[in-house]
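This report refers to the structure that appears directly beneath it.
The values are calculated or read from the model by the stated rules, or taken from the named source; none is laboratory data. Computed from a predicted structure; not experimentally measured. Neighbour counts run over all protein chains shown; Cβ positions are idealised from the backbone, glycine included.
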Amino acid sequence: MKFIGRIGDGSTETYARVILLKDIEREIKAEELVLIKNGGEENPVNEIVGVLREGLGKNEFLSHNAYRPDVAYLKHGGQPSGAREVYSFRVMPIGVKGTNGFEPNKLIIAPRSPVYLFEDNDNPLELLARNIKEPEYLDAYLEGHEGWLVPVLKDYIPYHVGIFGSTGSGKSWLARYVLMEFYKKCGYDVLILDWSGTDYVPYFRENVVPITEIALDEESIFAYLQDLSYKFGDNATIRDAFDEFIEKWRERVNEAGGDYNKLYKTLKANIETMIESIQRSDWKENARRACRRVFRKIKPEDLIPLMGTITISEIIKKLREEHVLVIDMSGAMVESKLGFFLSLSAEIYRTMDTGQDVKIAMIIDEAPQYAPWDPKGIQAQTSEMIKNLAALGRKRKFNLTLISQGIKGEIGINAAVRRNLNTYFIGRIHPLDATGEGGASEWLSPYGIRPEQLLQLKPGRFYFAGIMNPSPVPLLLTFTPR
Ligand SMILES: Nc1ncnc2c1ncn2[C@@H]1O[C@H](COP(=O)(O)OP(=O)(O)OP(=O)(O)O)[C@@H](O)[C@H]1O
Ligand SMILES: [Mg+2]
C-alpha cells in the first residue's frame, strides 16, 4: 500500500475527495482502487475501499474568467507558480472492509483521513470475493492489474446479461474469451447465435451448424412466407392453401429431393389447384390476382432457407454432447433467421415449462435484430419470446446474453426485454447513448463515470455493473485475448 493523500472538505458517508500529495497526480490514474483509514492511521473507525474517479486540478489564481496577477504574468509568457495548486480525485466507496468481505459504509468519512493506493501485490478484489459462498472469477482483470481477476456471483447467471458498446468496442471478443468460458466453467452449455457468421463461426469450426441445414417448424415457415408475401396477398383462400401445404412441409422437401426449384413448382401448383376449386367466379378472379402477387414476391430461392432437415431436437442434442454450439446464421434472410430463433426458443421454453433446469447460456449477438425498440411483424414475436424466455429462465437456469451496439432508442434493445437484463458490460458507447433517459450515462454517472469517458474507452474495456458484480460500484475491466 502506498500513502497518496488525505480526504478533503465536504465528505459524507458516500462522497469524499482525496487531496493528493505533491506530484502524486503524475502517477495516479482514475479507476485505481484505494483504502481510506477513516479517522486516522492510528485508530480508524473503519477502513473503506473505494475507486478513484472525477479527477480535478485546481489553481484559483488561474481562473479563466477573472483577471489576476498570475493570469497577467501567464499572458506575457511567464510560468505562474504551482504552489497553490490542488489535485484531487473523488473516491467512490465500494464498501467497508469487514471480516466477511464488504459492508456498506454508514459512517461519515472524516476529512484528513489518510488514503492509500492498492498496489499489485495487495489485491483488493480478494476482499470482494470473501463474502461469496463459492467465488467464481471472470478471466478478466481490473484495468492495469493483470493479477486482479474479477470475482462474480455465479448464482445470478440466469438473471441475464447485456453487453453494450459501439462497433469495434470488443463486445464479441468479450463474449467469446470471457463470458463463454465463464459459463462453461459454471456448468452451462453455451449456444451462440452468430447473426452474420463472422464473429464466432471462424473460431469454432468443429461446433458450427449452418442455419440453412436446419429444418424450421410449421409456424416459423408460415410466419416467414406470410411476411414475404405481405400476408398472402390478403386473401383467405391463399392463406388456407399455404397452411395446408406447410402442414406436410418436411415430406414435400423429401419428395423434392432437396431441390428448391422443384418444391417451388409443387407449391405453386398446389395453391393454383386450390384457387381453381373456388365456385364463385368473382372470388376466384380475386384469388388469382392475389396469387400472382404472392408469387411475384416469393421467389424459388426464398425457399432455400426452408430446405433444411436437421431438427431442433438434434441441435439441442449436439449442444449437450459438445457443450458449445455456434449457429451460423449467414446466408439466410432476416425472416428465416428469426423464424429459426422462434423454433429453437419454443423448444427450450417447452423444456423449462415442464419444470426442468436447462443450464444453457444463449449468446445472441446483434440482439436488436431480434428485439428492436419498435418491433413489427415477426420481430414482435421474437421480442415477446425473448421476454418470456428471460422471465422463465430465471427459475430454470437459463441465461440470455444479449449483445448490442446501443442500449436504448433506435440503436438499442426493446425496453421490455432490456428490463430483464440485470448485469451490464458497457464498453465504448455510441454518442446517441451518451445522454438521455435509459442510456449508458444514466446508468453510470451516479458512480462518477462521465459520458465523455465512455465515448473514449479503448477496445476490450468494459464497465461491469449489476447484480452479478459483488461490488456495488461498477468496475472497469479488461481481458487479454488468447
Ligand atoms: N481485450 C482486448 N484487447 C485488445 N484488443 C481488443 C480486445 N478486445 C477487442 N479488441 C480489438 O477490438 C476489435 C473489435 O472487437 P469485436 O469484433 O469484438 O468488436 P464488436 O464490439 O463485436 O464490434 P461489432 O459491433 O462491429 O460486431 C478486435 O478485432 C480487436 O482488435
Ligand atoms: Mg461483434
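Computed values, structure above
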{"quantity": "Hits in the range 323-342 - residues which are assigned to a helix (DSSP H, G or I) and touching a strand residue (DSSP E or B) at 6+ places or on another chain (Cβ under 8 Å)", "calculated": "F340, F341"}
{"quantity": "From the options E219, E285, residue that is under 30 Å from G197 (Cβ atoms) and either surrounded by fewer than 17 Cβ atoms within 10 Å (Cβ to Cβ) or in the same structural domain as E181 (by TED's automatic domain parsing) (or both)", "calculated": "E219"}
{"quantity": "Members of the range 159-195 that are within 12 Å of ligand 1 (Cβ to nearest atom) and of a type in the set (K, R)", "calculated": "K171, R176"}
{"quantity": "Failed condition for E244, given (1) within 23 Å of the chain's Cα centre (by Cα); (2) surrounded by fewer than 17 Cβ atoms within 10 Å (Cβ to Cβ); (3) away from ligand 2 (no atom under 16 Å from the Cβ)", "calculated": "(1)"}
{"quantity": "Scope the range 141-151; condition in contact with a helix residue (DSSP H, G or I) (Cβ under 8 Å, 6 or more places away or on another chain) and either closer than 18 Å to G393 by Cβ or within 16 Å of ligand 1 (Cβ to nearest atom) (or both); matching residues", "calculated": "L142, W148, L149, V150"}
{"quantity": "Among (1) more than 30 Å from D357 (Cα to Cα); (2) in a helix (DSSP H, G or I); (3) assigned by TED's automatic domain parsing to the domain that holds K337, the one test that K184 misses", "calculated": "(1)"}
{"quantity": "Failed condition for R84, given (1) touching a strand residue (DSSP E or B) at 6+ places or on another chain (Cβ under 7 Å); (2) surrounded by fewer than 17 Cβ atoms within 10 Å (Cβ to Cβ)", "calculated": "(1)"}
{"quantity": "Restricting the range 472-482 to residues that are farther than 20 Å from R17 by Cβ and not aromatic (F, W, Y), the residue that is nearest to ligand 2 (Cβ to nearest atom)", "calculated": "P481"}
{"quantity": "I426 in the same structural domain as G168 (by TED's automatic domain parsing), in contact (Cβ under 8 Å) with a residue 24 or more places away in the chain and touching a Ser or Thr at 6+ places or on another chain (Cβ under 8 Å)", "calculated": "no"}
{"quantity": "Yes/no for V96 being surrounded by 15 or more Cβ atoms within 10 Å (Cβ to Cβ), β-branched (V, I, T) and free of Cβ contacts under 8 Å to residues at least 60 places away in the same chain", "calculated": "yes"}
{"quantity": "Wholly enclosed helices (runs of 4 or more DSSP H) of the range 391-482 bearing at least 1 residues within 16 Å of ligand 1 (Cβ to nearest atom)", "calculated": "440-444, 451-455"}
{"quantity": "L193 vs. criteria in contact (Cβ under 8 Å) with a residue 24 or more places away in the chain, within 16 Å of ligand 2 (Cβ to nearest atom) and in a helix (DSSP H, G or I)", "calculated": "no"}
{"quantity": "Residue within the range 437-447 that is of a type in the set (S, T, N, Q) and either closer than 30 Å to R350 by Cα or surrounded by fewer than 21 Cβ atoms within 10 Å (Cβ to Cβ) (or both) present", "calculated": "yes"}
{"quantity": "Any hit, the range 105-118, residues being among the charged types (D, E, K, R), outside the structural domain of K184 (by TED's automatic domain parsing) and either over 19 Å from T478 (Cα atoms) or part of a loop (DSSP other than H, G, I, E, B) (or both)", "calculated": "yes"}
{"quantity": "Residues within the range 199-251 that are closer than 20 Å to A361 by Cα and in a loop (DSSP other than H, G, I, E, B), tallied", "calculated": "3"}
{"quantity": "Set Y349, Y370: member being in the same structural domain as I192 (by TED's automatic domain parsing) and within 17 Å of the chain's Cα centre (by Cα)", "calculated": "Y370"}
{"quantity": "Residue, farthest from L325 (Cα to Cα), within the range 367-390, restricted to residues that are in contact with a Ser or Thr (Cβ under 7 Å, 6 or more places away or on another chain) and within 16 Å of ligand 2 (Cβ to nearest atom)", "calculated": "P368"}
{"quantity": "Given (1) over 20 Å from F242 (Cα atoms); (2) aliphatic (A, V, I, L, M); (3) not in a loop (DSSP other than H, G, I, E, B), number of the condition M274 does not satisfy", "calculated": "(1)"}
{"quantity": "Enumeration of residues in the range 433-482 that are modelled with pLDDT of 90 or more and charged (D, E, K, R)", "calculated": "K458, R461"}
{"quantity": "Matching entry among G460, G393, G412, G466 (being within 16 Å of ligand 2 (Cβ to nearest atom), of a type outside the set (F, W, Y) and closer than 18 Å to H160 by Cβ)", "calculated": "G412"}
{"quantity": "Selected residue (only one of V161, V208 is surrounded by fewer than 20 Cβ atoms within 10 Å (Cβ to Cβ) and aliphatic (A, V, I, L, M))", "calculated": "V208"}
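Conditions (1) within 20 Å of V161 (Cβ to Cβ); (2) more than 17 Å from the chain's Cα centre (by Cα); (3) within 16 Å of ligand 2 (Cβ to nearest atom), marked per residue:
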position	(1), (2), (3)
A416	yes, no, no
R419	yes, no, no
Y424	yes, no, no
H430	yes, no, yes
G439	yes, no, no
Y447	yes, yes, no
